[in-house]
Amino acid sequence: MRLSGNGVVVTREAFLEWLSRGKTFVTETVARRFHPPFPSVPTPKAVLLPQHEALYRFFWARRTWNVHPLPPEGTPILLLAAPCEVKAVTDVLDAVFLGNAPQDPYYATRRKNLILGALGCTFFEATCFCTRVGGHPLSREGADFFALPLSSGMYFEGEGVSGRPLASSEKEELEALVADLEKTAPPPFPEKTPEYLYEAFGRDIWEDIAWGCLNCGACTFLCPTCFCFDLALEGRLRGAMIRTWDSCMFPKFTLHASSHNPRSHPMQRVRQRILHKFSYHPLRKGVFGCVGCGRCVALCPVNWDIREAVERVVSCAL
Amino acid sequence: MTLHDAARKLLEEHKVQGVLGYRKGSLPFRTRPYLFRDPCEIEELVFTPFCGLNLARYLLFLPQGIERVAIVAKGCDGRACVALVRENRLRRENLLILGVPCPGMVDTRKLAEWEGLKEHEVTLRGGEIVVRGVAYPLASFLDASCRRCRYRSPLVYDILVEGGEVPSLPQEDTLRELRSLPEEKRWEFFRKELSRCIRCYACRNACPMCYCKECFAESHKPSFLHPSPTLRDNFVFHIGRAMHLAGRCVECGACERACPLGIPIATMFLAVSDTVREHFAFEAGVDVTAPAPFVTYREDDPNAFIR
């Protein structure tokens, strides 16, 4: 059990009131399961790394370029997310944008202003696979507070909320939930998965695996960990340098100025998505670049399933 | 002949190197496209009211070594095949159309609202869909583009499969409500919907008629729109695509089903198709020989602005 069990129980109303003391958002997953009265965002990424933001403005005047950097801004935000989405921030996004010098000042400012809460999950959806990649539906790792809906109210771990200790029936409910989740949890990928995938780069299985994928950006844009971005100038004599999300699924993602494209074939782009999440990122940072939220599986227009792809490569290696 | 027998026979007799069809997906209700190459695999071929993807899209991206291919085609897939042959994207003799009468495709988002619904709890019975033992009229679950469908069975086919249960559904004008609104309200509708677009291009990539090697949306030189999905640039993208598909859209609604955000994007394309039908008496993918309205020049054209 990842929970300390030392939390308190409060009513749902008291919990919602405590949440609403500031600018509060919830992720779509939380909104769908918990129906809180707060606006929803697709994933924490939408708050920390907006789909487009201006880094500086420029204009041409008096025969010279005038450039005005736009300093990072951040307003305090409280975000309630599922444990996998919290993991996406602490394990992947933080490692990428804050892990090495120089840090990304825009991300850093927003991250400092973010209070991130985890709402535990009581069941696995058909698309869920957090336990396959080292997560857990009741994990409070990295979150500023943890909450879990019980039949009698909300179980709460963290600071700032006073409630009563757990009654024995609630302790039993919690234990039963843990046991139930243990039984239904998808088993983890083999320990050597990143190495297997790395070795499989040149094998002839990828065409087959990638077949069916439309090469749209639905999976990467709605993924909580996909962080790739592009910089583009908008405007000619007056405009701004814009940072926007980019997707490794798009052919222009790797197009060189020479017009050479190292990933001109759709299969190469699908392979890159799998290997980045399940091989390169874990080999470098020690954790999978996927948190198993299953949004890419649920939202794929053709039901292309990343779990099956990884399984297939691993089974070829074994 | 049933769908399985026909497909198996084609592969066994080496009439085709592959059969493009649907296979059960990894999630409840979902199906996925699959290229069947081995007659032993045909057992896995399915055709259910959850096969909303337009398979004709894959005809343009076949793996190497596939010369002649059969495609499991409902009415709209068949129309897309005809339209692609018209535009010289495909050779008719390399294509074998396995026509299946279509019962209409279910909007899976409506079913997803039932919590914990399992696949076996949904069945189709005549003109009704039975969910957890309660029968509902199929029309209440159908996709908007299926509710207004004119051609449920393919018009052009090589083999027409028997036994498909095709409930007769009234053809409904799904755009009537929107059309009756004043201009500002319609503008408001599109503003609201398109402001949600994240420009993942799923709609474009799922479209069987969007096959440009370089899409205007991603062109850098010249650049038609900025990469950031602001409302303005979203309008440029979607209106631009609607213009490119005028007289070419086969009204399958695959774009709308592909949208991960559930934006009713087909509305725009269906409206454009209606306009083309009204002014040019033309429907894309219906007749291989009919002249296409926007590439045909006639000196006696009744419209002066074209002459």
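The values are calculated or read from the model by the stated rules, or taken from the named source; none is laboratory data. Keep in mind it's a predicted model, so treat the numbers as computed, not measured. For neighbour counting, all protein chains shown are included, and Cβ atoms are generated from backbone atoms with ideal geometry for every residue, glycine included. Ligands, DNA and RNA are stripped out before the accessible areas are found, and what is left, the full protein with its side chains, is counted by its heavy atoms. Shrake-Rupley method; radii C 1.70, N 1.55, O 1.52, S 1.80 Å.
Summarise the long-distance tail of P(r) for region A:81-135 by giving the % of C-alpha pairs beyond 15 Å.
Beyond 15 Å sits 55 percent of the P(r) for region A:81-135.
Report the far tail of the P(r) of chain B, meaning the percent of Cα-Cα pairs longer than 23 Å.
Roughly 59 percent, once rounded to a whole number.
Just to confirm, what accessible area per residue do you get for region A:8-317 at 1.4 Å probe, in whole Å²?
Heavy-atom accessible area per residue stands at 45 Å².
Between the alpha-carbon centers of region B:133-148 and region A:80-156, tell me the distance in whole angstrom.
Centre-to-centre distance over Cα atoms comes out at 39 Å.
Per DSSP H run of at least 4 residues, take -39500 (n - 2.57); add these up for the protein assembly as shown, divide by its residues and hand me the 222 nm value, nearest 500 deg cm²/dmol.
Mean residue ellipticity at 222 nm (helix-derived): -8000 deg cm²/dmol.
Over the alpha-carbon set of region A:221-318, divide Rg by the Kirkwood Rh and report the Rg/Rh ratio to two decimals.
1.03
Could you order A:GLU85, A:GLU28 by accessible surface area, starting with the largest, using a probe radius of 1.4 Å?
A:GLU28, A:GLU85
When the Cα centres of region A:218-271 and region A:7-58 are compared, how far apart do they sit, in Å?
27
Using only alpha carbon positions, build the gyration tensor of region B:1-118, then give the equivalent ellipsoid semi-axes as the square roots of 5 times its eigenvalues, largest first, whole angstrom.
Equivalent ellipsoid of region B:1-118: 26, 17, 12 Å, largest first.
Kindly identify residues of region A:240-256 having a loss of at least 30 Å² in accessible area between the isolated chain and the assembly of all protein chains, probe radius 1.4 Å.
When all protein chains are present, A:THR244, A:PHE250, A:LYS252 each give up 30 Å² or more of accessible surface.
So, with +1 on the Cβ of K and R and -1 on the Cβ of D and E, and no other charges, what is the size of the charge dipole of chain B about its Cα centre, to the nearest 20 debye?
640
Which residues, if any, in region A:36-78 have at least 50 Å² less accessible area in the whole protein complex than in the isolated chain, probe 1.4 Å?
When all protein chains are present, A:GLN51, A:HIS52 each give up 50 Å² or more of accessible surface.
When ligands, DNA and RNA are left out and all protein chains stay put, how many square angstrom of accessible area per residue does region B:40-135 have with a 1.4 Å probe?
Value returned for region B:40-135: 43 Å² of accessible area per residue.
Nearest 5 is fine: what % of DSSP beta bridges in chain A come out antiparallel, could you say?
Bridges in chain A are about 70 percent antiparallel.
Can you tell which of B:PRO33, B:ILE66, B:THR2 lies farthest toward the positive end of the dipole of region B:1-80, using +1 and -1 charges on the Cβ of basic and acidic side chains (Lys, Arg; Asp, Glu)?
Ranked along the dipole, the leading option is B:PRO33.
Kindly write out, for region A:282-299 in residue order, the coupling ³J(HN,Hα) from the Karplus curve 6.51 cos²θ - 1.76 cosθ + 1.60 (θ = phi - 60°), rounded to whole Hz, with x marking Gly and Pro.
Per residue, the Karplus-derived 3J(HN,Hα) values read x, 5, 8, 10, x, 10, 4, x, 10, 9, x, 6, x, 5, 5, 6, 5, 9 Hz.
How many partner chain Cβ atoms sit within 10 Å of a residue's Cβ in peptide A:216-222, on average, as a whole number?
Whole-number average of other-chain Cβ neighbours for A:216-222 is 6.
Assign unit charges at the C-beta atoms only (+1 for Lys and Arg, -1 for Asp and Glu), then state the dipole size of the protein assembly as shown relative to its Cα centre in Debye, rounded to the nearest 20.
Dipole size: approximately 1780 debye.
With the calculation restricted to Cα positions, what are the radius of gyration and Dmax of the protein assembly as shown in angstrom?
Looking at the protein assembly as shown, its Cα Rg and Dmax stand at 26.1, 89 Å.
Accessible area of region B:1-155 with a 1.4 Å probe: how many percent of it is carbon plus sulfur?
The C+S portion of the solvent-accessible surface of region B:1-155 is 49 percent.
Say we join alpha carbon atoms closer than 10 Å with springs in a Gaussian network model of chain A; which of A:HIS35, A:HIS281, A:HIS136 then has the biggest fluctuation?
It is A:HIS35.
Could you give the semi-axes, largest first, of the ellipsoid that matches region B:173-299, computed as the square roots of 5 times the alpha carbon gyration tensor eigenvalues and rounded to whole Å?
Semi-axes (√(5λ), whole Å): 24, 20, 14.
Which value results for Rg/Rh of region B:227-300 when Rg is the Cα radius of gyration and Rh the Kirkwood radius based on the inverse mean 1/r?
1.04
What residues in region B:34-81 lose 40 Å² or more of accessible surface when the other protein chains are added to their chain alone (1.4 Å probe)?
B:TYR58
Taking all pairs of different Cα atoms in region A:112-228, averaging 1/r and flipping that mean, what Kirkwood radius in angstroms comes out?
17.9
Counting only protein heavy atoms and rolling a 1.4 Å probe, how much accessible area do A and B lose on contact, total for both sides, in Å² to 100?
Using a 1.4 Å probe on protein heavy atoms, the buried area is about 2700 Å².
By its C-alpha gyration tensor, with a ≥ b ≥ c as the square roots of the eigenvalues, how is region B:227-266 shaped: rounded for a/c under 1.5, else prolate for a/b larger than b/c, else oblate?
Oblate, because a/c is 1.5 or more while a/b does not exceed b/c.
Go through A:LYS87/A:LYS171; B:LYS110/B:LYS192; A:LYS171/A:LYS192; A:LYS252/A:LYS285; A:LYS87/B:LYS213; A:LYS45/A:LYS192 and tell me which ones have a Cα-Cα distance over 30 Å in this structure.
With Cα atoms farther than 30 Å apart: A:LYS171/A:LYS192; A:LYS87/B:LYS213.
Using a 1.4 Å probe and ignoring any ligands, DNA or RNA, find the accessible area of A:TRP65 and quote it in Å² to the nearest 10.
It works out to around 130 Å².
How many Å³ per residue does the convex hull of the Cα positions in region A:162-287 occupy?
About 222 Å³ per residue, rounded to a whole number.
Where nothing but the Cβ of Lys and Arg (+1) and of Asp and Glu (-1) is charged, how large is the charge dipole of region B:173-299 around its Cα centre, in debye to the nearest 20?
That gives region B:173-299 a dipole magnitude of about 420 debye.
Tell me which trypsin sites (Lys or Arg not before Pro) from region A:1-75 have a DSSP coil assignment and no more than 10 other beta carbons within 10 Å of their own.
A:ARG21, A:ARG62, A:ARG63
Can you give the Rg to Rh ratio for region A:6-61, taking only C-alpha atoms and Rh from Kirkwood?
Ratio value, two decimals: 1.23.
Just tell me, in residue order, which DSSP H segments of chain A are both 15 angstrom or longer along the helix axis (alpha-carbon based) and at least -0.5 in mean Kyte-Doolittle hydropathy.
TM-like helix candidates: A:306-317.
Just the projected area, averaged over all directions, of the convex hull on the alpha carbon atoms of chain A: how many nm²?
The number I arrive at for chain A is 19.1 nm².
Read phi for every residue in region B:87-99 and hand back ³J(HN,Hα) as whole Hz from Karplus 6.51 cos²θ - 1.76 cosθ + 1.60, θ = phi - 60°, with x for Gly and Pro.
Couplings: 8, 6, 7, 9, 9, 4, 6, 8, 10, 10, 8, 9, x Hz.
Taking N as the number of residues in region B:58-114, what is its Cα Rg relative to 2.2 N^0.38 Å?
Here the answer is 1.42, to two decimals.
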